[in-house]
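> Before I ask anything, let me first share the structure, which is written out below as structure tokens.
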Amino acid sequence: MTELQAEQGAPALDVPHTEAKPRRNRDALIALAVFVVLALLPMVFSSKLLLDFVIRCAAYGLFATSLNLLVGYTGLTSFGHGMFFGLGAYGFGLMMQKTGVPIPVAFVATLAITFVVALVIGAICVRLKEIYFAFVTLAFQMLIHSTILSWVSLTGGDQGLRGGIPRPAFFGIDLSNHVHLYITSCALLVVGLLLMRQIAQSPFGYTLRMIRDNASRASFVGIDVWRAKLTIFVLAALFASTGGVIMALFVSGAYPEFAYWTISGEGIFINMLGGVTTFLGPMVGTVLLLILNDTVTRWTDYHGIVLGIVILFFAIGLRKGLMDFVVEWYARRRKGSGQ
């Protein structure tokens with residue numbers, strides 16, 4: 001009983017309570033500063049390619065960071081997380097094409113649909129352990145992908161949603177304007193990252209770490225493991241869906257590839273590149289992967305081989321993501337300087 005009480009009163013679990021408000025304020029100020037810098041970028045650089053790159057980073061960055069809530073913080077490796085990226089793109093695109101509702105209404109409706117789908121799928125998957133969870137999520141993703149391909153009258157089949165996505169102006173924002181789309185994407189990225197940061201550093205986030213490290217012990221001390229896993233599964237799905245909405249707006253459509261298993265694979269690769277033990281690791285991995293894709297495809301048709309070699313370098317050479325390596329190196333350097 002003494003050991004149990006000591007574990008329940010561990011300092012690590014007290015940190016979110018004692019430092020929550022100053023940390024939240026600091027994170028909010030950093031988020032605001034980052035958004036201001038990103039918003040001013042079009043005034044400094046007139047390159048449309050740069051703005052396109054940042055929009056893509058926003059879409060994939062939200063997706064990859066949401067996946068890390070499962071992989072890095074909860075220990076749930078999902079091979080099917082891309083289904084929610086595709087669901088966000090198709091849900092939003094169909095909502096705009098079929099109903100003509102305002103963009104904010106379509107966005108909220110898309111998140112509501114994602115919530116219901118994630119709740120149903122998560123209720124099944126989170127009961128499973130490790131490898132079974134990974135492959136059942138993959139099975140659900142392939143089911144959704146097959147539905148997209150076969151329901152031609154609704155989804156357009158393998159041609160995707162054609163005809164573009166209507167973008168009626170709202171609150172003075174016109175997403176048919178590229179700069180407005182860029183700033184909106186940056187706002188969604190910053191807000192999404194800020195919310196995920198708060199989740200990761202909240203008492204609930206530390207509960208997820210306990211489940212990741214030892215689910216049996218977490219259950220023993222009174223944590224409802226199934227409910228906690230289901231909650232983070234649904235939350236991660238909502239952020240991934242938001243990334244899909246950004247991508248649908250960017251390409252003015254939705255395509256079956258958005259819900260294919262390769263999207264989930266890219267999410268895993270991004271986390272391997274950037275690292276899963278630091279919050280910004282997936283964002284760094286997103287930037288690295290997109291730069292590699294854009295650079296390698298200009299020089300060779302065998303970009304898959306090059307990317308595979310890079311992944312092997314991180315997996316076998318560094319044995320960790322770039323941000324994980326940098327943080328550990330900096331910690332060792334500070335320790336050496338202190339000694």
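> Would you calculate, for the chain, the mean residue ellipticity at 222 nm contributed by helices, counting each DSSP H stretch of 4 or more residues as -39,500 (n - 2.57) and dividing by all residues, to the nearest 500?
-25500 deg cm²/dmol
> Something else about it: Run the accessible area of segment 74-124 with a 1.4 Å probe and give the carbon-and-sulfur part as a rounded percent.
Solvent-exposed carbon and sulfur of segment 74-124 make up 83 percent of the total.
> Take the chain, compute every pairwise Cα distance, and split them into 20 Å bins from 0; I just need the percent in each bin.
29, 59, 12, 0
> From the Cα gyration tensor of segment 145-281, with a ≥ b ≥ c the square roots of its eigenvalues, which class applies: rounded if a/c is under 1.5, or else prolate if a/b is larger than b/c, or else oblate?
prolate
> Taking only complete DSSP H runs, can you tell me which helices of the chain stretch 18 Å or more along their own long axis by Cα positions and average at least -1.0 on the Kyte-Doolittle scale?
20-44, 48-74, 82-98, 103-125, 130-150, 178-201, 225-251, 261-274, 281-299, 322-338
> Shifting gears a bit: Filter the trypsin sites (Lys or Arg not before Pro) in segment 248-339 down to the DSSP loop ones having no more than 14 other Cβ atoms within 10 Å, then list what survives.
319
> For the chain, report the accessible area per residue in Å² (1.4 Å probe, heavy atoms, rounded to an integer).
Ligands and nucleic acids excluded, the result is 50 Å² per residue.
> Using a 10 Å Cβ count of at most 14 others and DSSP loop calls, identify the longest part of the chain lacking such chymotrypsin sites (Phe, Trp or Tyr not before Pro).
It works out to 172-301.
> Would you please name the trypsin sites (Lys or Arg not before Pro) within segment 149-250 that are DSSP coil residues with at most 14 other C-beta atoms within 10 Å of their C-beta?
Passing sites in segment 149-250 are 162.
> Can I ask one more? For segment 149-211, take every pair of Cα atoms, bin their distances at 10 Å starting from 0, and report each bin as a whole percent.
Result, from short to long distances: 18, 22, 24, 25, 11 percent.
> To the nearest 0.05, what FRET efficiency results for residue 177 and residue 154 with a Förster distance of 25 Å applied to their C-beta separation?
Efficiency, rounded to the nearest 0.05: 0.30.
> What fraction of the Cα pairs in segment 202-339, stated in percent, has a spacing above 17 angstrom?
72 percent
The values are calculated or read from the model by the stated rules, or taken from the named source; none is laboratory data. Computed from a predicted structure; not experimentally measured. Please note: Cβ atoms are built from the backbone with ideal geometry, for glycine as well, and neighbour counts cover all protein chains shown. When the accessible area is computed, the model is the full protein with side chains, heavy atoms only, and any ligands, DNA or RNA have been set aside. Shrake-Rupley method; radii C 1.70, N 1.55, O 1.52, S 1.80 Å.
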